[in-house]
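Trainee: Below is the structure I would like to discuss, written out as structure tokens.
Values quoted throughout were computed directly from the atomic coordinates according to the rules given, and no laboratory measurement underlies them. What you are looking at is a predicted structure, and each value in this text was computed from that prediction instead of being measured. Ideal geometry is used to build each Cβ from the backbone, glycine not excepted, and the neighbour counts take in all protein chains shown.
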Amino acid sequence: MDAAACGVSSGLGMKRTISRTTRRASTLDSLQISKEEEQREDLIERIASRDFQSRVLWSRVVFVIGASLAWLHLPFLDAALQRLYFSHLLTSPFFRHYSFEPLLASTIFAFNIGLFAVLDFFIPSLQKYRIQPYKTMAAWKNRLQDALKNEVPWYFFFWIPFGGLLRARRMATAAPTVALVIKEVLAGLCIYDALFYFGHNILHRVAPLYKGIHAKHHHSPVVRAGDSIRHSFLDGTWDVVCAVVALNVLKAHTLSRALFNLVAISLICEAHSGYHFPWAINNIVPMHIFAGSVVHDLHHRKGKVNFSKFFTWWDRMFGTYAFEAS
Ligand SMILES: [Zn+2]
Ligand SMILES: [Zn+2]
């Protein structure tokens, strides 16, 4: 066999090897895709089941009763809020601390992530609400060490002293009403979500930005609550900027700012928890207005859908909303 024939035959051999490897890779890919679709179908079935839907209904009933009672006793609640604000909050050194907001945010993140870690490791009866039925704990592996090395130092050595540098914390001298706090928290979530949607979309569309800033957050397609703070410095900063801009645009009351932190962070941790509880706010409020964990889980798996964090309207408006895996 001459050199040319030898080259042709080795070229053909290589082509056959490449095509075999490609076929094997595409078979593995399609197996993975069909496994994911199967799991998603199972999830949709579980959500549609009678048992799940009756729990959603009961959660709605409890919510409506609670909201009605609050509405009927609004003057009493306003008076209680006023007492709380003047007698406890304004006299508390923690509440008055110039870095109260980053300190509060860190505490709420630690509490929520700790709570979901306890559910993951110690409450197997809640596994029935997990979005992915398999029990991998890979997302928790080295999470604490990683957080202590990366995210925690940003808070303690950047955001908390930064509050001191700015000395910008102003205490409102009048107590807010319950209605004002609810209105400002909801408006804050809407403004945050609008800013976050567009920034997040760009981070996914511009490859160098994704690689350099956002890829860390997409470390694993199976999310756990610990992933809610798995960020590069710029990615985490973008989250903080969205919150600060939203609250500053609204000129929100000191108490609304604190409550916004509580609500927004709890929603972020719940969206990354991997659990889909019937009593979650996205189930209580009908028509999928709130995004919730199932929607954000799909964002982590697909990357090209569900860029909003709290609501679904921006994704619906721009055609990036998805609830099922198809
Ligand atoms: Zn996420
Ligand atoms: Zn993303």
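Trainee: Rounded to two decimal places and with Rh computed the Kirkwood way over Cα pairs, what is Rg over Rh for the chain?
Mentor: 1.07
Trainee: Moving on. Starting with the fewest neighbours, write out 269, 190 ranked by other beta-carbon atoms found within 10 Å of each beta-carbon.
Mentor: Ranking 269, 190 by Cβ neighbours within 10 Å, fewest first, gives 190, 269.
Trainee: For the range 189-280, just say rounded, prolate or oblate: build the C-alpha gyration tensor, square-root its eigenvalues into a ≥ b ≥ c, call rounded for a/c under 1.5, and beyond that prolate if a/b exceeds b/c, oblate if not.
Mentor: Taking the square roots of the gyration eigenvalues as a ≥ b ≥ c, the range 189-280 is oblate.
Trainee: Percent relative contact order of the range 74-165, based on C-alpha pairs within less than 8 angstrom and at least six residues apart?
Mentor: Contact order relative to length: 46 percent.
Trainee: A further question follows. Eigenvalues of the Cα gyration tensor times 5, then square-rooted: what semi-axes does that give for the range 68-205, in whole angstrom, largest first?
Mentor: 33, 24, 18
Trainee: Based on other C-beta atoms within 10 Å, arrange 91, 320, 237 from fewest to most.
Mentor: 91, 237, 320
Trainee: Pop a pseudo-label 7 angstrom from the Cα along the beta-carbon direction at both residue 324 and residue 266 and give the gap in nm to one decimal.
Mentor: Result: 3.3 nm between the two label points.
Trainee: Fully extended, how many nm does the chain gain between residue 53 and residue 122 (0.36 nm per residue separation, minus their Cα-Cα distance)?
Mentor: Roughly 22.3 nm would be gained on extension.
Trainee: Okay, moving on. Show which aspartates and glutamates lie in cross-link reach of residue 211 when reach means a straight Cα distance below 19 angstrom and same-chain residues fewer than eight apart are skipped.
Mentor: 146, 151, 227, 235, 239
Trainee: Could you check the spin-label model distance between residue 237 and residue 38? Points 7 Å from the Cα along Cα→Cβ, value in nm.
Mentor: Using points 7 Å along Cα→Cβ, the separation is 4.5 nm.
Trainee: Another one. What nm distance separates the two modelled labels at residue 84 and residue 149, each placed 7 Å from Cα along Cα→Cβ?
Mentor: 4.1
Trainee: Further question on the same structure: Once the other residues with Cβ under 12 Å from the Cβ of residue 41 are scored (Lys, Arg +1; Asp, Glu -1), what is the net sum?
Mentor: After counting each charged neighbour, the total is -3.
Trainee: When only Cα pairs under 8 Å and 6 or more residues apart are kept, what is the percent relative contact order across the range 54-283?
Mentor: Reported as a whole number, the value is 34 percent.
Trainee: Considering only 318, 118, 208, whose Cα is most displaced toward the positive end of the charge dipole of the chain, charges sitting on Cβ of Lys, Arg (+1) and Asp, Glu (-1)?
Mentor: Highest projection toward the positive end goes to 208.
Trainee: If the limit is 29 Å between Cα atoms, which of 216/309; 128/183; 149/251; 35/128 go over it?
Mentor: Check vs 29 Å cut-off fails for 128/183; 149/251.
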